[in-house]
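Any read-out appearing in this document is the output of simple, stated calculations on the displayed coordinates, not a laboratory observation. In this text the structure is predicted, and so the values were computed from the model without any measurement. Glycine gets a Cβ as well: all are built from the backbone with ideal geometry, and neighbour counts include every protein chain shown.
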Amino acid sequence: MTFHDTIAAIATAPGEGAVAIVRISGPEALEVFRHCFRRPGGRGLPHPKPRHLYLGWVQDSQQQVLDQVLGVSMPGPHSFTGEDVVEFHCHGGSLVAGTVLEACLEHCRLAEPGEFSRRAFLAGKLDLTQAQAIIDVIRSKTPEAVRIANDVMQGRLRRTLTDLRQELIAIQSQLEATIEFAEEDIAPESEEHLCQRMEAVLGSVDSLLRGARTGMLMRQGAVVTIVGKPNVGKSSLLNSLCRSERSIVTPIPGTTRDVVEQYVDIQGLPVKLLDTAGLRDSGDTVEQLGMERTRSAIAGADLVLWLLDRSRAAGEEDRRIASLLKDRPCLALMNKSDLPAVMEPEFMAALPADRTLSISLLDDTDVQQVESAIYQQLCGRHHEARSDMLLSRTRQRDSLIRARESLEHAKHTLQQQLGYELVSMDLQHACTYLGEIMGEVVTDDVLDEIFSEFCIGK
């Protein structure tokens, strides 16, 4: 793939809508504008004023009018990609936008997925964390996820990493100055001070790493599966968490025969809830298929909500479920706390106390407690500050872990007085790993993988 030619793509989502946007970027973008755009009356516009919208028509090479549009040119470097950019804002609808795009493609090529954002990255208009935050904003499922992605897109993670790296460079510079002027040894108290500065950087790195799990869940979402024996209230729990009648609720056991999915916002965290078929012995073929899907949903869950009816004695079905959930992340919900407890004390005592709640689905306060417990089980007991939820990718987290290891080794080397050269090398490695997160050290294969997540017009 070359990044020196001119590309075009539809930048808006497919389907009907009020407006669709066809975007062109590259050295010949203005030529595409001149070829395709005509003012009312058929006049061309050879020198459009930058960032001004012009009403006119797009025509193809046969001078066939395709659509009435608003045309705008944004010369580089003051554009999203840093190149000359042109946009045609045409009427919404896949057919109209497609014909306008085809007219443009007579003079340029179709963009690859994410190529506009990749060109912006290569032009230095944004770093890799900001580029990845674009797709996070697009795919966000909760307002909190949008806010975190916007923080990154505005450069918050880049500034944090840059500050950490600048501090490491300052420490490294002091060490290298000492190496160059060996007769001026660093006093022991100065070495202690350098270790304290490294400790401060390690503390900031640890805060980012603690928030990484939540940050990654904010991007990916969590899968929470609701299980229990038939007619225990699983669908009622789903409806309570959704604040809507998403699942059918009847007193007939076995009503839910397939997995019902619904996204919900749990304290800002996007969660896909799965309401599953009750687990029991059944000769019904359809119900058996539903129970098999339940087992698959348990295997793929980040957390399992095991709903029990404390007003009834535990049966063989409950014990079978307990065996099935062994070694799975699980939160036991003892429903119907408003009724006298009948379930055997020894069965209840066998449940992990820190992962068991006694609730009534008729009480909205209890439902809120379930939401808090779900968040704590997925993200930890303490809410991380939003400023620490900035890492959203495994690659980012792994690079930060390697940076931490190098920094920890540098501190140990300095404390053991093994040589300033070795300390400096470790600090350099830590800086390199921080640079990987921002895209300063990255291979084409990694960029291909990252930008392949994007749609063609982004």
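Distance between the 7 Å Cα→Cβ label points at His47 and Glu106: 2.6 nm. With the contact rule set at Cα under 8 Å and sequence spacing of 6 or more, what percent relative contact order holds for region 7-126? Once divided by the residue count of region 7-126, the mean separation gives 32 percent. Residues in region 117-123 carry Karplus couplings, in order, of 5, 5, 5, 4, 5, 5, 7 Hz; the curve used is 6.51 cos²θ - 1.76 cosθ + 1.60 with θ = phi - 60°, and Gly or Pro positions show x.
Using Cβ contacts closer than 10 Å as the measure, can you line up Val100, Val223, Val65 from fewest to most?
Listed from fewest to most nearby Cβ atoms, that is Val65, Val223, Val100.
Around the amide H of Val19, modelled in the peptide plane, lie the amide H atoms of Gly92, all under 5 Å away and 5 or more residues distant in sequence or on another chain. Legend: ranking of residues Asp445, Asp163 from fewest to most surrounding C-beta atoms inside 10 Å; resulting order Asp445, Asp163. Full extension of the chain between Val441 and Ala170 gives 95.5 nm of extra length, using 0.36 nm per residue less the Cα-Cα distance. About its Cα centre, the chain has a charge dipole of approximately 1720 debye under the convention of +1 per Lys or Arg Cβ and -1 per Asp or Glu Cβ, with nothing else charged. Between Arg355 and Met425, the distance separating the two model label sites (each 7 Å from Cα on the Cα→Cβ line) works out to 4.4 nm.
Backbone amide hydrogens, once placed in the peptide plane, bring Leu66 within less than 5 Å of Val58, Gln59, Asp60, excluding anything fewer than 5 places away on its chain. Please say if region 357-458 is rounded, prolate or oblate, where rounded means a/c under 1.5 for a ≥ b ≥ c the square roots of the C-alpha gyration tensor eigenvalues, and otherwise the choice is prolate for a/b larger than b/c and oblate otherwise? Judged from the Cα gyration tensor, region 357-458 comes out oblate (a/c at least 1.5, b/c at or above a/b). If the label point is 7 Å along Cα→Cβ of Ser452, which residues in region 1-36 have backbone nitrogen under 15 Å from it? Answer for this model: 1.
Listed by chain and number, the lysines placed with their C-alpha closer than 27 angstrom to that of Lys234 are Lys141, Lys272, Lys326, Lys336; residues fewer than eight positions away on the same chain are left out.
In percent, how large is the relative contact order of the chain, given Cα pairs closer than 8 Å and 6 or more residues apart? Before the final figure, lay out each step's value.
Working: 797 pairs, mean separation 75.9, N = 458.
Relative contact order comes out at 17 percent.
So for the chain, what are the equivalent ellipsoid semi-axes in whole Å, largest first, each being the square root of 5 times an eigenvalue of the Cα gyration tensor?
Rounded to whole Å, the semi-axes are 49, 40, 16.
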